[in-house]
There are 6 protein chains.
Amino acid sequence: MPHRQSTGRGPNVVYTVSVRDHFMIAHSFRGEVFGPAQRLHGATYVVDVAFRRPELDPDGVVVDIGLAAGQLSQVLDGFRYRNLDEDPAFAGENTSTERLAREIFERLAMAIRRGALGEGARGLTSMRVTLRESHVARGSYEGDL
Amino acid sequence: MPHRQSTGRGPNVVYTVSVRDHFMIAHSFRGEVFGPAQRLHGATYVVDVAFRRPELDPDGVVVDIGLAAGQLSQVLDGFRYRNLDEDPAFAGENTSTERLAREIFERLAMAIRRGALGEGARGLTSMRVTLRESHVARGSYEGDL
Amino acid sequence: MPHRQSTGRGPNVVYTVSVRDHFMIAHSFRGEVFGPAQRLHGATYVVDVAFRRPELDPDGVVVDIGLAAGQLSQVLDGFRYRNLDEDPAFAGENTSTERLAREIFERLAMAIRRGALGEGARGLTSMRVTLRESHVARGSYEGDL
Amino acid sequence: MPHRQSTGRGPNVVYTVSVRDHFMIAHSFRGEVFGPAQRLHGATYVVDVAFRRPELDPDGVVVDIGLAAGQLSQVLDGFRYRNLDEDPAFAGENTSTERLAREIFERLAMAIRRGALGEGARGLTSMRVTLRESHVARGSYEGDL
Amino acid sequence: MPHRQSTGRGPNVVYTVSVRDHFMIAHSFRGEVFGPAQRLHGATYVVDVAFRRPELDPDGVVVDIGLAAGQLSQVLDGFRYRNLDEDPAFAGENTSTERLAREIFERLAMAIRRGALGEGARGLTSMRVTLRESHVARGSYEGDL
Amino acid sequence: MPHRQSTGRGPNVVYTVSVRDHFMIAHSFRGEVFGPAQRLHGATYVVDVAFRRPELDPDGVVVDIGLAAGQLSQVLDGFRYRNLDEDPAFAGENTSTERLAREIFERLAMAIRRGALGEGARGLTSMRVTLRESHVARGSYEGDL
């Protein structure tokens, strides 16, 4: 198996691997600031999840990309083709792009903690979830794991 | 003003100009083939409209791009932040991506006929409306004017 | 079920639906014109398949997009993670991007003929297969069905 | 060398290969319709040239992609980092995106005729030149060769 | 109104919202290192502004995206369709992509400080302005607010 | 020559310039976790290198973009159209996307140290190398210089 040799590199080193998927939902926003978006409408969100760590795992990767993509798809299944206004997880909250990014972050973080991305994934140190809602707007949530 | 000189070119010549905008809606599909998309959900559609003609107008363009973008935005205002299941224009029909593309085509074609894109736009000979619903799927409708 | 009403539209009308997938292969080219690409190397191909027809099917769509994406993935499985230099389907031929596009076209055309995309898909009249091999180059093959 | 075997395919078959490059220029437009674009400004144009033909050449490709990219770059050198208002090729004309697309088409067509893309390129039957001027607008010119 | 509940998350949490717009200008560079770009030419810049903060505002968003997009457009109006060589704001400086990114950053930062993005926007902690000048090059400027 | 005046800006300021190129290789992975990717296959990698620093150089830029792009191309020449399984630089290691990103980072860092990007480039403080292997996956490596 590959062996990660030490290299003469500077500090603040980070490796990242990102996978992409998408989901489509209906929702509405509460608050005058949202104007016509207070009406029931919907969105396609193209989701990029970036997994980060300072050292590669014994296979020479950040994370098993197949497990990562599969787990992301499974998390998104919880939202696909749904009206988020009826989802108790968001009761009393606006399902803004950035709020949804945090929800996906937290569900993936939980999956990582319970080992769903493999033992190697326990070495992940941070993650960023980005949702593109159109060709001109996107939101994201990132944090340590 | 610019004068379009004749050039020694072959047949089947076409000039195209495209403008992009987007809109977000809620809807659902009827038919078992649609699976979970039979539930109320939604989508962001990134719309590209291509205007086509064999000769440029006296200003040396296919169409006044400002008028074209403005008219597209106005047509999309008829759909923005709405639940298409309640729109009488689509009563008894599925608002598939390709069906929506045709609706936008027809509304723009009408606007062109009534002069909303300027006199020069009467020289347009065909048009294509493309809707991207995600990073992996899109639909379009095109035809002569 | 949706009913497609006739509309006062011009000739040469076409509806299109496109789906995207990708595959990664190794290969080499024969011919001095290919320079260093005569060595064994590889490529990622991002594939867009556009299905076209002049009328929508009874469900109001060009094709069942789930079946289309599934069938494309199955066709690409025949190439994924392989060395095309060893594939008898291309014996004596260069597996150029445009040649691969034709191969995928023909395998999908066969699948359509044998009903793998549903009965409605028999109304498809043409198809285009596009392979992006980088951010600056792509090849495609299109034709009637 | 690869031999192109005949296949049982339908009519209207076309192979395409596209290459991408870009150039940056200054210019201004004449005509009230252009509003503030009548002032001296500029643009980046990302150029895609699609070469088309119904049969592959003896090497199994549409065109030698290296020669095609090199010739496109050479044509764009005629515009790079220039003020098009001072270019006699466009005297009395607006250098609209679609007009520039035609100019590049014609210069490439001339290069093909004089053999700059190789003997095989004489089998090219049509070409399309697309210029993206922003993330929301583009123009193109296409025609037979 | 939505209430942001505390969640068991790690440190270094950041929410981001980005909006996109573009502008087109003429300019030239001084310095031999710039080669032909010392001539008067121009560029399209596609601008992405990322607004960042560790907590959402009372509406559950990073910033009122309508106000943010409107303010960005207003800042870009100061550059649109202009020859930056004549802009006193850049006297004696090269208007490189990265320098322009800083200028837009500073003008937006001033707008935020004077409340143009709403009271909630005072919680923004950092910002990044990215300018894409072509499909292969971009520059950005980021910093705390 | 341009002079960089001090501005009243907050801390943690960073300027970035990015350039893009690509390369195509063959390789295989060792480890059951890689499934069919254990077979000899290949990939196109679209590479973005972001150069970062807190102050611009005397020319008002992060780095001479021509030298940067040229040096990146030269580093990628070491990989182009090769079978990485035979490259001693990766003996006993998997050439994962993230591992390749580090290799390119280290070769560019060495080039910067020996002055290949000009004297001004010694002010660069960090760098990120991102490799897109498809429309849905990418890997990167970043660190201080």
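We did not get these values from a lab; they are worked out from the coordinates using the rules stated. These numbers come from a predicted model, not from an experiment. Note that each Cβ is placed from the backbone with ideal geometry, even for glycine, and that neighbours are counted across all protein chains shown.
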Nitroxide proxy distance, nm - points 7 Å out along Cα→Cβ at residue A:86 and residue F:39: 4.4 nm
Dipole of the stretch B:93-145, positive end: most advanced residue of B:141, B:127, B:115 [Cβ charges, Cα centre]: B:115
Calculated P(r) tail over 47 Å for the protein assembly as shown, as whole % of Cα pairs: 20 percent
Highest-MSF residue in chain D out of D:11, D:36, D:54 [GNM, Cα springs under 10 Å]: D:11
Normalised alpha carbon radius of gyration of the stretch A:46-93 [divisor 2.2 N^0.38 Å]: 1.59
Fluctuation leader among D:101, D:111, D:91 - chain D, Gaussian network, Cα springs under 10 angstrom: D:91
Helix D:97-113 vs. chain D, principal-axis angle (Cα, 0 to 90°, nearest 10): 40 degrees
Distance between the stretch E:6-82 and the stretch D:51-117 - C-alpha centres, whole angstrom: 33 Å
Value of Rg/Rh across the stretch F:67-142 [Cα atoms, Kirkwood radius]: 0.99
Cα-Cα P(r), the stretch D:13-118, percent of pairs per 10 Å interval: 13, 42, 27, 14, 4, 0
Antiparallel DSSP beta bridges within the protein assembly as shown, percent to nearest 5: 95 percent
GNM flexibility winner over chain E from E:12, E:83, E:94 (Cα, springs under 10 Å): E:12
C-alpha long axis of helix A:65-77 to longest principal axis of chain A, angle in °: 20 degrees
Sum of side-chain charges, residue C:83 neighbourhood, beta-carbon under 15 Å (Lys, Arg +1; Asp, Glu -1): 0
Computed log₁₀ I(q)/I(0) - Debye formula, equal Cα scatterers, no solvent, the stretch F:89-132, q 0.20, 0.30, 0.34 Å⁻¹: -0.68, -1.04, -1.18
Sum of side-chain charges, residue E:138 neighbourhood, beta-carbon under 11 Å (Lys, Arg +1; Asp, Glu -1): -2
Environment charge at residue A:28 (Cβ cut-off 15 Å; Lys +1, Arg +1, Asp -1, Glu -1): -3
Residue-averaged [θ]222 nm for chain F, counting only DSSP H segments that reach four residues, each worth -39500 (n - 2.57): -7000 deg cm²/dmol
